[in-house]
1. How many residues does the range 69-81 hold that are surrounded by 14 or more Cβ atoms within 10 Å (Cβ to Cβ) and either over 20 Å from ILE147 (Cβ atoms) or of a type in the set (Lys, Arg) (or both)?
2. Here is a list: VAL302, VAL254. Which entry is touching a Cys at 6+ places or on another chain (Cβ under 6 Å), within 29 Å of ALA24 (Cα to Cα) and modelled with pLDDT of 95 or more?
3. Residue by residue through the range 106-123, note down the ones that are within 16 Å of the ligand (Cβ to nearest atom) and open to solvent by 40 Å² or more (accessible area, probe 1.4 Å).
4. Just to be sure I understand, how many residues within the range 54-66 are more than 16 Å from the ligand (Cβ to nearest atom) and either within 14 Å of VAL99 (Cβ to Cβ) or open to solvent by less than 50 Å² (accessible area, probe 1.4 Å) (or both)?
5. When you scan the range 245-267, how many residues do you find that are open to solvent by 40 Å² or more (accessible area, probe 1.4 Å), part of a helix (DSSP H, G or I) and free of Cβ contacts under 8 Å to residues at least 24 places away in the same chain?
6. Taking the range 10-34, which residues are open to solvent by 10 Å² or more (accessible area, probe 1.4 Å), part of a helix (DSSP H, G or I) and more than 30 Å from ILE271 (Cα to Cα)?
7. Kindly establish whether ILE271 is within 13 Å of the ligand (Cβ to nearest atom), under 20 Å from MET77 (Cβ atoms) and either in the same structural domain as SER131 (by TED's automatic domain parsing) or of a type in the set (A, V, I, L, M, F, W, C) (or both).
8. (1) in a helix (DSSP H, G or I); (2) over 18 Å from the mean Cα position of the chain (by Cα): which one isn't true of ILE177, the others all being true?
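The values are calculated or read from the model by the stated rules, or taken from the named source; none is laboratory data. Please read these numbers as outputs of a predicted model, since none were measured by experiment. With ideal geometry, Cβ positions are generated from the backbone for all residues, glycine too; neighbour counts draw on all protein chains shown. We work out accessible area using only protein heavy atoms, side chains counted, and drop any ligands, DNA or RNA first. Shrake-Rupley method; radii C 1.70, N 1.55, O 1.52, S 1.80 Å.
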Amino acid sequence: MKTRITELLGIQYPIVCGGMMRLARPKLCAAISEAGGLGNLTAAMYGNKKELIAAIREVRELTDKPFWVNVTMLPAMNLGDRHYQNYFEAVIEEKVAAVEVGGTPLDRFAGGEYLQKLKDAGVKIIHKLGSVRHAVHAEKAGYDAVIAAGVEEGGHPLNDNVATTVLTPRMAESVKIPVITAGGMADGRGLAAALCLGAEGILMASRFICTRECEVHDNVRQELIRRQEYETVLYGNTIGLQGRALRNDTIKKVLEIEERKGGLNEILPLIAGTLGPEIWEKGNINAGSINVGQSIGLIHDVVSCRELLDRIVHEAEAIIGQVKAQAEAN
Ligand SMILES: Cc1cc2nc3c(=O)[nH]c(=O)nc-3n(C[C@H](O)[C@H](O)[C@H](O)COP(=O)(O)O)c2cc1C
């Protein structure tokens, strides 16, 4: 299955993994790349350039296939230009295949010159975005591709709240660079639909949690399989950072605080990143926010990354074949 995205990134299948704080580690990253997709290493897990370089090298010990690094720059968590520049310098020095920029554009925090530095090193630059206006800006700025991230997605969907099925074709008709679609993608039906909507690849994150190679407590995997598509909620609008998370005891409390206009000071301790180990390593589902997408409704099993990617592509090809055959028969 060849698209401009497989060509751009040098991968077999048009399936990439999105950044996942705490979970997109070397083992999962390498397994996805080995299976023909693009594995993700999320920079925010590493405190400085040296640590990120060590993690990049760990991936390289496991695979010689391309992978990418996620660098997320959220206005609510601006750690200063130098912090992000260090990440980009690690990516440049190690000549990683691509970088997934999440949040604000590169020039906003790291400095516009990093776009050129990345390009000079041959690193492809792809921005995850929730609106057409931001995609047009990214194309003008020289990004190689964009990700249309609809409101169904886990993590921090833009508060424009546009669904993947509308955002993807709108982005594809508005820019010439290739579009990857994100939010609600978990199987071959999603991949086939994404291609029909004008995307040239899909990005998944929640689905990869339920793989054998994801280093996560099994309680989390089983909970995601058990829960349905209507069991995530949007939160955080009153503190200027919208998120989508699994409805659990913590998120119910956050929503109650937001309802009575309680502020950041009350909410932050409930969703702090320091609670991560309690959730992901100890499997305590109610300990904090679990920022998964509506795609959890489509997750029914735990498989290896290879089984998952092969299955998605075969399913998508079969659907496209059936549609073609039907059209020809009519
Ligand atoms: C547990 C988890 C952590 C995430 N952390 C990040 C992150 O650090 N940076 C980022 O850009 N996106 C992050 N995301 C968003 C994903 O990269 C992706 O855009 C989104 O989850 C796609 O929707 P899906 O999960 O339904 O496939 C995270 C998603 C999950 C599920």
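1. 2
2. Only one candidate passes the filter, namely VAL302.
3. Result: ARG108, single match.
4. So the answer is 4.
5. So the count comes out to 7.
6. The answer is GLU34, and nothing else.
7. yes
8. Against the list (1) in a helix (DSSP H, G or I); (2) over 18 Å from the mean Cα position of the chain (by Cα), ILE177 comes up short only on (1).
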